[in-house]
Structures are given as structure tokens and as C-alpha cells.
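Before any comments, here is the structure.
Computed from the coordinates by the stated procedures, all read-outs in this text should not be read as laboratory data. All of these numbers come straight from a predicted model, not from anything done at the bench. Cβ sites come from the backbone with ideal geometry, for glycine too, and all protein chains shown count toward neighbours.
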Amino acid sequence: MTTVEDYAQLARTAPRGLIGGPPDVRAEADRKYRREAGFPVPLLVAPATLWLIIFLFLPLISIFIFSFWKSTGHGMTPAFTLDNYRAFFVAEGFFDPKNPDFLTPSVFIRTLWTTFRFTVTVMAICLILAYPLAYFLSMQVEDFKWQLALFLLAMVPFWTSYLIRAVAWLPMLGRHGLINEFLLDIGAIEEPVSFFLYSEFSYTMALVQLYVVLAVGPIFFSLAKIDKTLLEAARDMGANPFQIFREIILPLSMPGIAIGMIFVFVMVMGEFATAVVVYGGKTSTTGTVILNYYAIANYPFAAVNAFMLMMAMMIGVVTILRVVDIRKEL
Amino acid sequence: MARSTPEQRRKTRVKAGFSVYYAIFLIFVYGPMFAMFTLSFQGRRGGVTFPMRGLSFYWWERLAGPSAVGDIKSSLVRSLILAVVVMVITAIFSTMLAMAFRKKFRGSGVLFYAIMAGLMVPGVLLSLGLASLLRVVGIPPAWWYSGLGVHVVWTLPFGFLVMMAVFNRFDDRLEEAARDMGADEWTVFKEITLPLVTPGIVAAGLFGFTLSYDEFARTTLLSGAENTLPLDINASLTQRVQPTLFALGTASTIFSLLMIGLFIVVYTILYRRSR
């Protein structure tokens, strides 16, 4: 059996430039070395893999399985029923032309749709806010130390509690909040408007503030990777700044945009606590629906909502990946 | 003063514009936190919004006093223990995984996506799935095992990506040289690999600690009878919001910032040393 030792032996004894004889033997020895050196792979991956199976895959598979079980009012029993799915999709009177709810989607579909609509709005705003910031950090700040420092300063909120950041919006928004006071001071409004707190506005605003840093990170990294000589070459050939942006910078930063948008998308789709804090629970997201049904012990129906949320998210992520190929990025 | 060309002046203007934008962005991201910080020193009669009715430590004292917002002290202790354990596990797992990914192996693609899935699956789904599963099995959830489990699922991809980046720039020849000189695998790891990647491990640990310490969604249904700090904060939101909550929020934020600062200092020291 040839082992690493043999290869090492060869390397030591063979004259320089002739290590291991003909190239194919050398390549073979090299491959063998790569395969056998270091700790065995199964040992390295086993603990984490086991962990992921227990705490990631079993829960997700459970959701799928339990969505077919039967609710007993205080728990659930094994069964195979599609009733939960029917309840999700079909509202009462959906097929009845005389009913006022004729062809109105069920409240659960509408909630999922609202969740999705909010998410897309938040994604768009995050992109608009994050891109110039990432561009500034990567293209305009030349000193690497400053770049890193300013980047970290913008990213720090990501490592602080998001619940507390949501709470922190309360003094800003309300009728006596800072925004109202400010608008009153500059004379933009006559009297305080209640529109800021517990509204779609406050909800969107808080979500953007919570998640915009997730978009900044990946866009920054993809922009920072761009070879600056490319831009110089384009300039030398007479391209104006707008052309350079459209033809070089934007296409090369697409993977970063995609990753950032995926982050924001999955986070906001699964959102449930912020709605309660800054929207006063006036709206529900699919996340809150799931928790509400869990709270009243209707686990199968919570599972159906969760499964549909998962599907919606998969469709969203796959759509983003279809538009942008991020594989070369990973 | 040197004469500047129109091109340079244009560049300066653009840069100034972007700098202003950066400042506005920081105000947007940090502004609410500063408002919260200020209002935590609200006078005794003041409420949760401006104006300030005097300055006082009243709400901070209430925070320190008994039963202000739930049983904060013990939930804080639980959150800290959990964060430290998550930090250690994240650091170890990420290092092991990234070392495995230096070689091509069967199933590496699947495993890669499985690790990344931890980033993609919303906390509410993990919470619901595991909580219902535990209910069926008949084991009540508790923060120190089911909470720990899903926290690591969330922090692992961050640590893993950090360690992948570290090993991407790693010079394999250093290890080869050690092996050629007869070092066994364990010695190679201890003497060569580990010292060189320690800064990365610290960074992976930072993600583990801070993300776990603040995690709310994943613990929602999985902490069992005893709450972690974010759960207590959430519970207090359902009651009437008082400036006590702002004091708590400020304290927690300052703690997070201190932790980040500490990690950055440790990282810098180790990074310099590993050069």
C-alpha cells in the first residue's frame, strides 16, 4: 500500500525536478497525499451533520407530516387527512355564488399574500438604501482600514437584539414621537399625525431598519471584489461613469444583490414579532398565524400554514436564483 | 493650495455626497436606539415618548429592583450560559466542517446546502417543527437543549463561512512541511493549523455568542418553562410599555456593543500574533 510516507520518502530521495518520476505517477501520489493527509473527513463532519439532522431536518419533516394529522382540540393524532389544507385554501362560501365571499381567497391565503407583499416592499427599499452605502464603502473609501471600520460601524446593529431595535421605534413614531415633533417644528404639519405608529408605514420602516444591514453586507463584499483595473480600463477607453456602472459594476455586483435580497426575503417572510411591537398587532403575518394556532393547540393547522410559508419562500428563493447565478460566488 | 482639475472636483463632490448619505444612514440605523437611551433617563412622571419630564434614574432603579419586567436576572443568566455554550459549539463545529471542506468528499454539496439552510429557514418554522415533534414524543422542551439545538443551527452557517474564508487563504505547504518532518496529524493541528486560524475561530465564536444572546424567534416555543432574556422582553411588550423597558433595552444593547468591542480587540491581538 502506498501511503503518504511513501510519497514523502520519494520526495526526499528523488533528485530535484524528478520527484516521483513520470507526471501521472506524481499526480497520483499527490492526489493520494491530499486524500490521506489531515483528519478523516467522516470524523470531522459527523457531529455537525448529526446536529443538523436532529435540529433542522427532523423539525422541517415534522411540519410536513403533522400537516396531514388530525387535530383533536388539545393535541393531534396520526392520520392522513387533507382537511387542514382544505381549510387553508377554501374559505366558506368560496364556491357559492350567493355567498358574499364567493371566490374570495381564504383569510390564510390573503395573510400569506400580505406577508409577501410587505416583504417585497421591504426588499425594494432595502436594496435602494443598501446599494449606495455599499458602493460608497467599497468604491469611494480608499483606505482599507477606514473601509473596514465604516463597514463594521454600519453592521454593528446586526449583532444587537432585534426586538429591542423594534421597541426603540416607539419613541420615534407615536403622536408625540420625534418624527411628529420634528415635522411640527419645521412647520410641515399643523398638528401631530397618528399615521406614523401602528400603521403600514411604521411597520415597513421598522422592518427596513432591522434588516437593511443584511443587504449591505453581501453587496459590499461583491463590490469590494471587483478588480479596480477593470474600471480604469473602461475609463481609459472613454466610458462615462454611468456606463461604467451599468456595464461593469452592476453586473459584477449582481451575486451580492441576490444574496442580500435572499437574506432580507427569508427574514421578513418569517417575521412575526415586529408586527406586534410597531403595528400593534393590527395586521397578522403568516408567522403570527402559525403561533396563534400553536397557542390554541391546533398543531396540524399551524403546520399547514408553516408548510405553505416554506413553499412560498422556496419559490421566492428559486426565482431570485433563476434571475442571478450566484454559484460562482460560493 | 494645489489647483484641482474639474474631474477631481467632481470626484470630491461625489464623495462628499456619499459621505452625507452614509451619515444619514447611520442616523437611521442608530437614531431609534439613541432615542431609547435618552428616554430611559425619563423623569418619574414621564412616559415612553418625548418630551422628557426631568431626568432621573428612576426607571433604571426599577429595572434593578425585584419583579420589574419578569424575572430578569435569572433569564439574563440563562441567556448568557446559552450564548457561551452556543459560542463554543459554533466555533468547534465550524472549524471541523471547514477543515473537512478543504478536501473534496462525497456529499459535500449536500452538506454545504444543509449548513446554509440554517440561515434560510425562519425561526418560527424551526420553533414550530421541533416543539410539535417534542410534544408528540412527550419530552418537554427546555432552553438548554432544544433552545441550544436550534440556536446552533442558526449560528453555524455564519461561523462556517468565516472558517471557509480563513482556510481559503491558508497555506497548505506549512502543514505538508510539518508532516514531512514526521509530525503526526494531531501535532500538525496543534502546532501549525490551530495557531494560524485562531483569529477566525474567535470571529466564528463572536457570531455564535451575539446571535444566540439576542435570538428570539427560534426560542419562542422551545425554551420550555424558563424564559431567556429576549423572551422576557417580548413578554413585557404585551403589558403596558414603560420606560423600564427602555432601560432594559439600553443595558442589553450596551452589553452587546461591549461584547463586539471585546471580540474585535481579542481578534486584532490574535491576528497580529498569528502573522
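Farthest towards the positive end of the charge dipole of the protein assembly as shown, among the residues A:320, B:183, A:294, is the Cα of B:183, using unit charges on the Cβ of Lys, Arg, Asp and Glu.
A viscosity of 1.002 mPa s and a temperature of 20 °C, combined with the Kirkwood radius over C-alpha pairs in the Stokes-Einstein formula, give chain A a diffusion coefficient of 86 µm²/s. When the alpha carbon coordinates of region B:6-58 are projected onto the principal axes, the ranges are 58, 16, 15 Å, largest first.
Report the extension gain between residue B:45 and residue B:274 in nm, rounded to one decimal, defined as 0.36 nm multiplied by the number of residues separating them, less their alpha carbon distance. Walk me through the numbers on the way to the answer.
Numbers: separation 229, 0.36 × 229 = 82.44 nm, distance 5.51 nm.
Answer, rounded to one decimal: 76.9 nm.
As a test of the formula, what do you get for chain A when each DSSP H run with n ≥ 4 contributes -39,500 (n - 2.57) and the sum is divided by the residue count, at 222 nm and rounded to the nearest 500 deg cm²/dmol? Working shown, then result.
Working: 17 runs with 211 residues, N = 330.
Value at 222 nm, helices only, nearest 500: -20000 deg cm²/dmol.
Scanning residues 5 or more positions from residue A:225 or on other chains, none has an amide H under 5 Å from its amide H, with H placed 1.01 Å from N in the peptide plane.
Under a Gaussian network description of chain A, with springs only between Cα atoms under 10 Å, the residue in A:184, A:252, A:133 that fluctuates furthest is A:184.
Can you tell me the FRET efficiency between residue A:191 and residue B:144 if r is taken as the Cβ-Cβ distance and R0 is 51 Å, rounded to the nearest 0.05? That gives a FRET efficiency of 0.45.
How would B:151, A:176, A:74 line up from fewest to most surrounding beta-carbon atoms within 10 angstrom?
On the way: B:151 30, A:176 16, A:74 9.
Least to most surrounded, the residues fall as A:74, A:176, B:151.
Membrane-span-like helices in chain A, defined purely by DSSP H runs whose alpha carbon atoms cover 20 Å or more axially and whose average Kyte-Doolittle hydropathy reaches 0.0, are A:107-135, A:200-224, A:250-269, A:299-323. You can think of it this way: the chain between residue A:243 and residue A:54 has 63.0 nm of extra reach, that is 0.36 nm per residue less the Cα-Cα gap. Looking at the square roots a ≥ b ≥ c of the eigenvalues of the Cα gyration tensor of region B:51-105, which shape do they give, rounded for a/c under 1.5, prolate if a/b is larger than b/c, or oblate? The shape class here is prolate.
Taking 0.36 nm per residue of sequence separation and subtracting the Cα-Cα distance, how much length would be gained by fully extending the chain between residue B:61 and residue B:185, in nm to one decimal? Display every interim value, and only then the final one.
On the way: separation 124, 0.36 × 124 = 44.64 nm, distance 5.58 nm.
Full extension from residue B:61 to residue B:185 adds 39.1 nm.
Here r is the Cβ-Cβ distance between residue B:116 and residue A:25 and R0 is 25 Å; the resulting FRET efficiency, rounded to 0.05, is 0.05. Largest mean-square fluctuation among A:30, A:227, A:236, in a Gaussian network model of chain A whose springs join Cα atoms under 10 Å apart, belongs to A:30. By other beta-carbon atoms within 10 Å, ranking A:85, A:203 with the fewest at the front produces A:85, A:203. As a rough footprinting exposure proxy, the listed residues A:317, B:153, B:137, B:14 were ranked by other beta carbons within 10 Å of their own, and the order from fewest upward is B:137, B:14, A:317, B:153.
Only Lys, Arg, Asp and Glu count, each charged at its Cβ (+1, +1, -1, -1), so figure out the dipole size of the protein assembly as shown about its Cα centre, rounded to 20 debye. Here the size comes out at about 620 debye. With respect to the cross-link table entries A:145/B:11; A:225/B:190; A:228/B:103; B:104/B:190, which display a Cα-Cα separation exceeding 26 Å? Correct reply: A:225/B:190; A:228/B:103.
Which whole number in µm²/s is D for chain B by Stokes-Einstein, with the Kirkwood Rh taken over Cα pairs at 25 °C and 0.890 mPa s? Present the calculation step by step, with values, prior to reporting the outcome.
Numbers: Rh = 22.2 Å.
Answer, rounded: 111 µm²/s.
Counting only the Cα atoms, the protein assembly as shown fills a convex hull of 242 Å³ per residue. GNM, chain A, Cα, under 10 Å: largest mean-square fluctuation among A:90, A:45, A:264? Result for chain A, Cα springs under 10 Å: A:45 fluctuates most. Once you charge only the Cβ atoms, +1 for Lys and Arg and -1 for Asp and Glu, what is the size of the charge dipole of chain A about its Cα centre, to the nearest 20 debye? With Lys and Arg at +1 and Asp and Glu at -1, about 700 debye. Taking the average, over residues, of other Cβ atoms within 10 Å as the packing measure, peptides A:253-259, A:301-307, B:25-31 rank A:301-307, A:253-259, B:25-31 from highest down.
Need one number: convex hull volume per residue for region B:216-265, Cα atoms only, in Å³. Display every interim value, and only then the final one.
Working: hull volume 4.3 nm³, N = 50.
About 87 Å³ per residue, rounded to a whole number.
Helical content alone sets the calculated 222 nm signal of chain B at -24000 deg cm²/dmol, taking -39,500 (n - 2.57) per DSSP H segment of four or more residues and averaging over every residue.
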